[in-house]
Every structure is written in C-alpha cells, then in structure tokens.
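The values are calculated or read from the model by the stated rules, or taken from the named source; none is laboratory data. Keep in mind that this is a model prediction, so the values were computed, not measured. Note: ideal-geometry Cβ built from the backbone for every residue, glycine included; neighbour counts use all protein chains shown. The accessibility values were calculated without ligands, DNA or RNA, using every heavy atom of the protein model including side chains. Shrake-Rupley method; radii C 1.70, N 1.55, O 1.52, S 1.80 Å.
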There are 2 protein chains.
Amino acid sequence: MARPTLRDVAAAAGVHIATASRALNSGTRSKVNDQTAERVIAVAERLGYMPDPVARSLKTARSRSIGLVIPDIANPLFPPIIRGIECRLEADGYDLAIVNTDNDARRERRLIESLLSRKVAGLIIATARREHALLEELHARGLALVLINRDSEGLDVPAITPADADGMRLLVAHLADLGHRRVAFVGGPPTTSTGWRRARAFVDAVREHDLVSRGGWRTSSDSWSIPGGHAAMSELLEDTTPPAFTSVIAANDLLALGCCDALCERGLTPGTDISVAGFNGMDFLDRLAVPLTSVRIPHRALGERAAELLLDLIGRNQVGSATMSAELPVQLIPRASTAPPSPTG
Amino acid sequence: MARPTLRDVAAAAGVHIATASRALNSGTRSKVNDQTAERVIAVAERLGYMPDPVARSLKTARSRSIGLVIPDIANPLFPPIIRGIECRLEADGYDLAIVNTDNDARRERRLIESLLSRKVAGLIIATARREHALLEELHARGLALVLINRDSEGLDVPAITPADADGMRLLVAHLADLGHRRVAFVGGPPTTSTGWRRARAFVDAVREHDLVSRGGWRTSSDSWSIPGGHAAMSELLEDTTPPAFTSVIAANDLLALGCCDALCERGLTPGTDISVAGFNGMDFLDRLAVPLTSVRIPHRALGERAAELLLDLIGRNQVGSATMSAELPVQLIPRASTAPPSPTG
C-alpha cells in the first residue's frame, strides 16, 4: 500500500491542500480555524499520514526546536521547570529536546554540539557556572541563549533566576524566629551562581540577625546531591559531640536530605534534635517522614519566562542583553524539619 | 580574533590533525589513546575550539543521536531508566535527546516528527500503548525502534519490559502472607501493556491465593498519576464506611501515593488502617512518612538493555524482531505501608 500523501489527507478532509499542510504543521496551525485543524489532524491520524521529515527540514532553514541543557535529570527540581518551558514553547509551535549533562563539562560540550548540529533554534541552559568558557563561545557565535536557574558572571546573556539571596534571608530569619542562635551551613558548589549567592547571603543574614555560625560550621559540597549533603554533614558532626549548632541550612533540598541521613545515622532526629532546612521547594518534600522546610522557587514561572525570552530573541534575530534578565520571587515553606531548638541542644 | 581551527588545536597539542579530529569526536575517541585524547581536549577547551556543527552534520549522513520519548517527565520512574540508557549509549559515542509527551498523542506525533526531521539514528519509546497506530507507521517505514517499560500488541518491534505479572503475584502473595483476605485494586490505564498485565495478574493471583476482591473493589485510573490514584481511591471509599477491604494494591507508585492521600483525608492511616502497595520502586519511597511497599523494577538495566538493543539494530541496519524482546526480573520491597490487617478492620 502506498503511503498516503498530503493530497490524500486534504481530499478526505475536504480542504485545500495548503490548508491541510498548515493544519498539520504545528508552526502554522494557528492560521487555520480550530475545527478545521482538528478535522484534518483526525483524518491524517486515520489514514496514517506522516509528512516526510527530511523534505520538511530541507524546506525550513531553521527548525522549530529548542534545546534544554540540564545538569541532573534525577533532581526533582527540574520537571516542573521543564513543564513551564514546554507549555510556553508549545503555544508558539516549538518543540523541546532535553539533554542531561550529569554535571560533566565534556558531556555538556558534546551534547550542545549535537543539539546545534541538529539546528535547534536556540538553547535554554540550566548548567551555567559562574565562569563558563563554553557559554562565552556560544554567545560569541551569536546563538540565541537564555540561562535558567543559574547565571554566569560577565556574560551578556539573559538569565531567569530565583531570588536566591532573598530566599536565604527568609530561612535565616525563620530559624532566628524559632529561637535558634547557632546555625550551621552546607553550601552547594561555589562555582555556580546559586552556590555562591546562597552562601554569601547566609553569612550576611547570620550577621544581621546576630546569630552564630563559626567557620567550622560552614562547609560546601562539590555537588548538589544527597551524597554530597551526607558527606558534608558527616564532616560537620565529627567536630563536636553533641553538635554545638542547633540547626543547619542546606543550599538545596537534595543536600538537606543528605544532611538528614547523616543526622539519623547518629541517632539525631531532624526537626526534633537539629532543625534542617533546604532550598528549591522540590516535589515530594511534604510527603517525607520529616517534611522538609524549604524555599519554594517559582518553577513553572521560571520555565515560562525563560521560554518567552528565548522566543523573543529568536523572533528578533538578536542576541540577548543582560538587561532582560529577571529574578523571580521566592517563598518560605516552613514544615516539621524546623522547630524551636531542643532544650538539651 | 579568528575562531581557532582544528589545525590550531592539533598544532598546540603536538598531534596530527587527524588525531585531533578523532580525539574531539566522541564517536571516534576510542581510536586514540586516552592520554592523547585528554591532552587534545584540554587544548581545545583552552583555545575555545568548537567544530562547525553544520559542516560536521553534512559529513555524517546519519547523526549519532538517539531520541527517547517519555510520557511524563515528572514521574520519578524515568530518571534512573534515562541514566541507564545514557550510560550505554555513551560507550558507543551516541547522544540522547529526550522529549516529553505528557501523555498527549498529538504532541507525541509532533515530537517524534521533530526528532526524525533532525535525523536521529533511532528511537527508544516509553509511551507505547497496546494499540498504537503511530508506532506501526514508524515501524513500517523501517525506523530503528525499541520499546521500553511498555510494549505494543502485534507489533514486531523489540521491547524491554519489567516482569509485570511476576511483580503483581509477589504483591498479592505478600498481602496474603500478612493475613489480608480482602484486597482492593487501583489499576492504571488498560490501554497500556503495564496497565493491562498488572490488572490481569492481580485477578489471577487473588484467585490463586483464594482472596476476595469483588468487582466494586477494583477500578482503574485513566492516568498513571497521583491525582488519578486519589480519584480512584476516593471512589472506592465512597461505597462503604468503614471500607470492606483491608488492603489495596495500586498499579504504580504514583497511583499508590494518591490512594494514601485519599485515605488520610478520611482519617485512615496507610499501613495501620489500610495496607497500601505500589509498583515500580521509584526513588524517594523509602523517605516517605509511611514508606511505601513496592515492586522494584530494574530501572538502570531496562535502560541499558534497550540502548544495547537499539545500537544492535542500528549497527545491523535491520528492523528488530520481537524475538529479541526481554522481560527483566523484578523484586518485592516490603515497607511500612503494608502490615497485618488492623483488628478493627
């Protein structure tokens, strides 16, 4: 049986061939009325019509695909951000292809090369480091780029980030309000803007609230992961028994979960013995054995704004200006993992 | 400043230009010794060298990219499967581009079109339905395809799936061993092989163990989601108060979490009042307020086997035969959400 052609679909749907083509192409579908588009699509499905993708890609100089580069597919932070990006892109008929670097710079370079060789129209990058030569190269080549969640220093590329410093101030104020005076800190990689800003804001806020956080109570992990948090907290707990601090802030939720694990191993209960707080407000935190206090970043809005900005850049055929960057507001979500300090603590 | 060329990199690294090219291309890197490859890559990074991706894609008829089509980016089932796929592909110098259909057939078609227009060498598909015209079309066109997690009926495409029926038998036997006699069931979409097989195996196993599961205690959700499980369980709980069953098996973990929510809303504690079990063994289950009993499917192995199979298909330039399909063994993980029936139950 011959493969059905666009002409067959148009005939069966009772529309002009140009209308059928517009209806079947997500980039031009909005030019056809909804009812007609639905009918054409239904007929195409029934006949098993599929456009020749090679012919289509030759006709359209630039693809209607966007690449998203994320550092860790297993971090529940990303799915709601991805949903926000997809939702905004879909409205303009753009698709999203996601690649996962697993925090490996070599893989990042290769995956970005690969996306570009398949002619994506632009990139949304969630892997930015504060100093990031690859991003400078991409920017210098005039590619449409938007950074999300993290940004990069001295790079004139727009970034949509959460208000990291505000969030950290909210966490420190929350612990101070609960009566904590001695606060430890487990930071993320200081090579990332999130790691750097959250750590700096922690130090500032501790001073502002006249709390104590000695050097030995502050450490940072080289990964944003549960094992990273576990290792960092284990190190902090080795210094003194019982711990001299009554609370700990981790720079993201996965690090905080690792901190909880290290506490439990030593017979300490998060919330009861030592208060623990995270950052990002990832999914599932309210379902944990000890629900985790966190700062909720606006995942979906971050995704939508980044996609919007990238579509603007593509539409104007211009490279971005950092003046369009935005920092979106965050919210403290107190849960059972933070409580007044234990009287024995 | 002119962009550095491959020649510049080769000169700075002190190697022949062909060696530099091989070292920088992940597909040929294994032909160069490790130390040389590392030196060339370091020099390329330092100089900011980037190959022209358009030129490269024109030279290689077929890309070294694979597309992965997943139904729900927010389901924690997928990240460890993705890691398995990436790990195996990377060994052969292939990249993975992931697209998320959100269980929307129209989006699925568009995203697959888009992957094909960007000339992926093959597809791994996690969105299969039991009857799936799109997959038949793709297969008929001779594309290299492998299904993962779910399969499709009467379609001669290899599939790597978990042993769904075995897992369900393990769950029913576990509840019977605990002393449960009255078991409810919340199934997934019966349009998927996982939904269909897990439901059928449940009915068979209940009969085998001489347990009771009346029609009114069995329902299915039209989505594999927390809200789906919540709605289904709420419906089951409306029938009788207190519930006539002492335990419920949900066909996946997200449905089980939704069941737990519906129980809690009615003041019933999962594990204590009603035993609840899920399926898939997704991440974070051991950290929940009531850790969830589940069947662990071999996520990473599923990914690795599917990738291996696809690489075989691509290498032989052949379309797969269902004889290469494999069902991988699963494991019961009992946790606190299942316990002997409450004496008042």
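Both radii were evaluated on the Cα set of region A:6-51; the Rg over Rh quotient, with Rh as the Kirkwood radius, amounts to 0.90. In whole angstrom, region A:212-345 maps to an equivalent ellipsoid with semi-axes of 36, 16, 12, each derived as √(5λ) from the alpha carbon gyration tensor and ordered largest first. The charge dipole of chain A, taken about its Cα centre with unit charges on the Cβ atoms of Lys, Arg (+1), Asp and Glu (-1) only, comes to about 1140 debye.
Considering chain A as a Gaussian network with a 10 Å cut-off on Cα pairs, which listed residue, A:Thr219, A:Thr246, A:Thr36, attains the greatest mean-square fluctuation? Result for chain A, Cα springs under 10 Å: A:Thr36 fluctuates most. Under 1.5 on a/c is rounded, so check that first for region B:182-277, then, if it is not, pick prolate when a/b is larger than b/c and oblate when it is not; a ≥ b ≥ c are the square roots of the alpha carbon gyration tensor eigenvalues. Cα axes put region B:182-277 in the oblate bin. Only Lys, Arg, Asp and Glu carry charge here, each on its Cβ (+1 for the first two, -1 for the last two); on that basis the protein assembly as shown has a dipole of about 1880 debye about its Cα centre. Relative to the current alpha-carbon distance between B:Arg181 and B:Asp92, full extension at 0.36 nm per residue lengthens the span by 26.9 nm.
Counting only protein chain heavy atoms and rolling a 1.4 Å probe, the accessible areas of B:Ser30, B:Ser213 rank, largest first, as B:Ser30, B:Ser213.
Per-residue mean of foreign Cβ neighbours for A:97-107 is 5 (Cβ atoms of other chains, 10 Å radius). Across q = 0.06, 0.10, 0.11 Å⁻¹, the protein assembly as shown modelled as identical point scatterers on its alpha-carbon atoms has Debye log10 I(q)/I(0) values of -0.38, -1.07, -1.25, in the order of the q list.
Averaged over peptide B:79-86, the number of partner chain Cβ atoms lying within 10 Å of each residue's Cβ comes to 3. Close Lys pairs in the protein assembly as shown (alpha-carbon distance under 26 Å; sequence gap of 8 or more, or different chains): 10. Shielding value for B:63-75 is 3, the average number of Cβ atoms from other chains within 10 Å of each residue's Cβ. Between A:Ala326 and B:Arg266, the distance separating the two model label sites (each 7 Å from Cα on the Cα→Cβ line) works out to 4.4 nm. Think of region B:164-298 as having a plus end and a minus end, set by charges on the Cβ of Lys, Arg, Asp and Glu; of B:Ile274, B:His180, B:Pro298, B:His180 sits farthest toward the positive end of this dipole. The shape of chain A can be summarised by an equivalent ellipsoid whose semi-axes, obtained from the alpha carbon gyration tensor, come to 48, 21, 17 Å from longest to shortest.
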